[in-house]
1. Please determine whether any residue of segment 250-273 is within 30 Å of residue 184 (Cβ to Cβ), modelled with pLDDT of 80 or more, surrounded by 23 or more Cβ atoms within 10 Å (Cβ to Cβ) and touching a helix residue (DSSP H, G or I) at 6+ places or on another chain (Cβ under 8 Å).
2. Kindly check whether there is at least one residue in segment 79-101 that is crowded, with 16+ Cβ neighbours inside 10 Å, free of Cβ contacts under 8 Å to residues at least 40 places away in the same chain and within 25 Å of residue 205 (Cβ to Cβ).
3. Identify all residues within segment 11-29 that are under 27 Å from the mean Cα position of the chain (by Cα) and either within 21 Å of residue 55 (Cα to Cα) or surrounded by fewer than 12 Cβ atoms within 10 Å (Cβ to Cβ) (or both); write none if there are none.
4. Applying the selection to segment 1-27, what residues are in a strand (DSSP E or B) and without any contact (Cβ under 8 Å) to a residue 12 or more places away in the chain?
5. Here is a check on your reading of the model: is residue 126 under 19 Å from residue 311 (Cα atoms), surrounded by fewer than 18 Cβ atoms within 10 Å (Cβ to Cβ) and modelled with pLDDT under 95?
6. Can you tell me which residues in segment 280-306 are out of contact with any helix residue (DSSP H, G or I) (no Cβ under 6 Å at 6 or more places or on another chain) and in contact (Cβ under 8 Å) with a residue 40 or more places away in the chain?
7. Are any of the residues in segment 44-65 over 26 Å from residue 275 (Cβ atoms), under 18 Å from the mean Cα position of the chain (by Cα), in a helix (DSSP H, G or I) and modelled with pLDDT of 95 or more?
8. Count, please, the residues in segment 285-302 that happen to be at pLDDT 90 or above and touching a strand residue (DSSP E or B) at 6+ places or on another chain (Cβ under 7 Å).
């Protein structure tokens, strides 16, 4: 499995500056950044602790969505077409860190969803791809349960067949014939997600959303299948490839295991569980392990077919630069750094990955604390102290 970890820093907003926030992230070059974390000693002496991180791509706050797509998204789309493989793009970060702007964008600066759709239908017009049909599905994972965002949030069930292939029973898949058609389906899903957030005191940062775009090759006997339903027709055609966009729950929700509210603690535990399972699956796949713990969470179970065989994965970790978000920013970078190091720690390709690693000395006896410790443990960052 080929994986890539990118970090995108958003600009510091004017309202943040007015509240006294300052930019604590220094993007050194296109592969490294430094977080200048403000701290206070026991004697109230203030100092700055520097944390250095290295990634495959570091996207500064003046990087446009088109450039982000060129470096992170386009290679996935072309891989699906040219290699007939499967590709996944994960968006990770705290609420307000720019995930929505990266994925959805706006009319002036379209996001990765639109740019990918545009390239898919552009490539589809080229010789050799004109017979492809494009299908889209959109579902949400909340509390370990599945909901169809294109079918009024209908509850779904994931089941494994005799060959251990996981199928989502009842998931609606819609054929799309243009960029506008695909974006319409996406907007329907996002509307369903935001409506649920308002009605059930749930916000989208507490769930994972998965948009999957599948490409299928029509058979020569196309006209014989005119009377079949769309789903039956799709199943009678050859799968060429699949592209998945996964909008992960807000990274700040992983620390909710310590919240006083029981429901919030349960949500935080489920998010921790899925993030840990995702990291472990990526590690097992990259190391060529015979056993990959896909059953570790609902998220990894339903994405199993996107990880096996010919596949590529990109994680885009979005971070906020302000002082007030420093703790969450560090947690996001530590998780992304752990994922990055999985591909090199056992192969000696990255000396930095082997340089320093520490784990919390006491994660607590509970399983929830252990999950939280795994997610938030720092690894691969080299702190140095500097007096302010």
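1. Yes, segment 250-273 has at least one match.
2. Yes - at least one qualifying residue is present in segment 79-101.
3. If the condition is that a residue be under 27 Å from the mean Cα position of the chain (by Cα) and either within 21 Å of residue 55 (Cα to Cα) or surrounded by fewer than 12 Cβ atoms within 10 Å (Cβ to Cβ) (or both), then 11, 23, 24, 25, 26, 27, 28, 29 are the ones that fit.
4. If we filter segment 1-27 for residues that are in a strand (DSSP E or B), which is where we start, we get 2-9, 23, 25-27.
Result: 26, single match.
5. Details: under 19 Å from residue 311 (Cα atoms): no; surrounded by fewer than 18 Cβ atoms within 10 Å (Cβ to Cβ): yes; modelled with pLDDT under 95: yes.
For residue 126, the condition - under 19 Å from residue 311 (Cα atoms), surrounded by fewer than 18 Cβ atoms within 10 Å (Cβ to Cβ) and modelled with pLDDT under 95 - is not met.
6. Within segment 280-306, 285, 287, 298, 302, 303, 305, 306 qualify.
7. no
8. Total meeting the criteria: 4.
The values are calculated or read from the model by the stated rules, or taken from the named source; none is laboratory data. On a predicted model such as this, the values are computed, not experimentally measured, just so you know. FYI the Cβ positions are ideal-geometry reconstructions off the backbone, even for glycines, and counts take in every protein chain you see.
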